[in-house]
Amino acid sequence: MALAFKQETFRNDYKYSNSPSAIKRFPFPFAEDQYMYSVNIEPHVKGKQGTVCEFPFDVDEHYVAECLDKQITLDLDRGRYAVLPHMMDAQWDFVELTMEALSNDYPEHFSLKKDGLNWTWENKPLNIKQSFVFGDASTMPMDPFEFMSRQVQGDFVLLDQRDETLYADGGFVTSQADWSLAFNVGMSWREWHAPVPRATELGVMDRALKYLLNLQLGSPVRRLNWTMTVNPRLDTSPENYPLWGTERNTVNPENVADKVHLRVELQSLFRLPRSNAIVFSIRCYLMSLKELSSYPRWAKRLHRVQKTMHPDLIEYKGMTKFHPMMVEWLSKFDDGSAMDVGTQPE
């Protein structure tokens, strides 16, 4: 069934909202009443029908608006796209992976026709039709990696594996949660993740690296990550901090439920066949506290998670200024009764 794409914005007037069906399928990340960093990696296998994990790359009602926001961000700052010269095989791997996945899983919106190395790609929602020779970048209007990153929701980092670690040697990043591709490109795994508090001392990042170095072709994995953000802004980059950082000061007890959003990243990692690189997909989902409270069980759980949050994580996730107001607003949904483990809405 064809999706109905919404006209909305992720900046300035923030004309963004989730339909009831989008709220119900939101990837709520908290199965228990307390939170601490963990590897929490699982196989990225086909999920239940209608969930965000049903297909390798999720396409939802926000698709067209998110792709437009990508274009706006990239037009304002070309530094959001970077790829080192030795990653060309990985670029073509990414093209093949995304084109085949989207055309197979959403045939009403995307199609891919192959005649040997002569391929034709059609993206109906964005009105794109492109014929090219697979493996010949001169037949594409831009870098192959950029061409398809513009057409898939989320951010993408190409990780090259060498010297027993992973290097962030390419990326298309326009909806990051306060980190910079321009700063991180070319960094090793440990350099990239060094700022994450408590994760290093707990050994989380070392365990994750060991796991990913052994990632097999055809066996992708996924995990959820989260933060809280003010307003439904995708681009919360360090480069644009003056545009969004001050918005934290606009939260008050009257508007906290509308302004504060749970921001969840569905992070997926795929081994690529020709390059042996890994593509790291970071898909962002946003939902206001008011929308989240459509399911009181979620609001109750989120209250308990936030009430017991370690101060280092509150600071790291940029929640210090509005955290008490958020906890207070959520408290009205928490009657103190025991809750079963699980992320289901009700």
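Excluding residues fewer than 8 places away in the same chain, name every one of the lysines whose C-alpha is closer than 23 Å to that of Lys129.
Filter leaves Lys6, Lys70, Lys113, Lys114.
If I stretch the segment between Leu213 and Lys307 completely, what's the gain in nm (0.36 nm per residue apart, minus their alpha carbon distance), one decimal?
30.2 nm
Given points 7 Å out from each Cα along the Cα-Cβ axis, report the Asn127 to Asp340 separation in nanometres with one decimal.
For Asn127 paired with Asp340, the spin-label model returns 4.9 nm.
Mind checking segment 8-54 for trypsin sites (Lys or Arg not before Pro) that DSSP puts in a loop (not H, G, I, E or B) and that have at most 15 other Cβ atoms within 10 Å?
Here the sparse-neighbourhood loop sites are Lys15, Lys46, Lys48.
For every other residue with a beta carbon closer than 14 angstrom to the beta carbon of Ala90, add +1 if it is Lys or Arg and -1 if Asp or Glu, then tell me the sum.
-4
How much FRET efficiency would the formula 1/(1 + (r/R0)^6) give for His86 and Asn240, where r is the Cβ-Cβ distance and R0 is 30 Å, rounded to 0.05?
So the FRET efficiency works out to roughly 0.50.
At 0.36 nm per residue, and after removing the present C-alpha to C-alpha distance, how many nm does the segment from Ala2 to Lys24 gain when stretched out fully?
On the way: separation 22, 0.36 × 22 = 7.92 nm, distance 1.85 nm.
Full extension of this stretch gives 6.1 nm more.
In units of 2.2 N^0.38 Å, what is the alpha-carbon radius of gyration of segment 48-141?
1.18
Could you tally the net charge around Phe172, taking each other residue with its Cβ under 14 Å from the Cβ of Phe172, Lys/Arg +1 and Asp/Glu -1?
Charge balance in the 14 Å sphere: -4.
What lysines could a cross-link reach from Lys259, if we take a straight Cα to Cα line under 17 Å and drop same-chain neighbours fewer than 8 places away?
Answer for Lys259, where 17 Å is the Cα cut-off: Lys15, Lys290, Lys317, Lys321, listed by chain and number.
Quick one: with all protein chains in place, what share of the accessible area of the chain is carbon or sulfur, to the nearest percent (1.4 Å probe)?
Roughly 52 percent, rounded to a whole number.
Please work out the average accessible area per residue across the chain, using the 1.4 Å probe convention, and give it in Å². Each step should come with its number before you reach the end.
Values: 15400 Å² over 346 residues.
Per residue, the chain has 45 Å² of solvent-accessible surface.
Which part of segment 201-242 falls in the paramagnetic zone of Ser38, meaning amide N under 16 Å from the point 7 Å along Cα-to-beta-carbon?
Residues passing the 16 Å test: 202-205, 207-208, 222-226.
Starting with the highest mean, order 229-238, 85-94, 310-319 by the number of other Cβ atoms within 10 Å, averaged over the residues of each peptide.
Numbers: 229-238: 21.8, 85-94: 19.6, 310-319: 15.3.
Ranked by mean Cβ neighbours within 10 Å, highest first: 229-238, 85-94, 310-319.
Calculate for the chain the 222 nm mean residue ellipticity that helices alone would give, adding -39,500 (n - 2.57) per DSSP H run of length 4 or more and normalising by residue count, nearest 500 deg cm²/dmol. Can you show the working numbers first?
Numbers: 13 runs with 101 residues, N = 346.
Taken over the chain, the calculation gives -7500 deg cm²/dmol.
Not counting ligands, DNA or RNA, and with a 1.4 Å probe, what is Ser337's accessible surface area in Å² rounded to the nearest 10?
Accessible surface of Ser337 is approximately 50 Å².
Add +1 for every Lys or Arg and -1 for every Asp or Glu among the other residues with Cβ under 12 Å from the Cβ of Met148, and state the total.
Once positives and negatives cancel, what remains is -3.
In square nanometres, what is one fourth of the surface area of the convex hull spanned by the alpha carbons of the chain?
With every direction weighted equally, the projected area is 17.0 nm².
The values are calculated or read from the model by the stated rules, or taken from the named source; none is laboratory data. Computed from a predicted model, the values in this text were never measured in an experiment. Please note: Cβ atoms are built from the backbone with ideal geometry, for glycine as well, and neighbour counts cover all protein chains shown. Note: areas computed on protein heavy atoms with side chains; ligands, DNA, RNA excluded. Shrake-Rupley method; radii C 1.70, N 1.55, O 1.52, S 1.80 Å.
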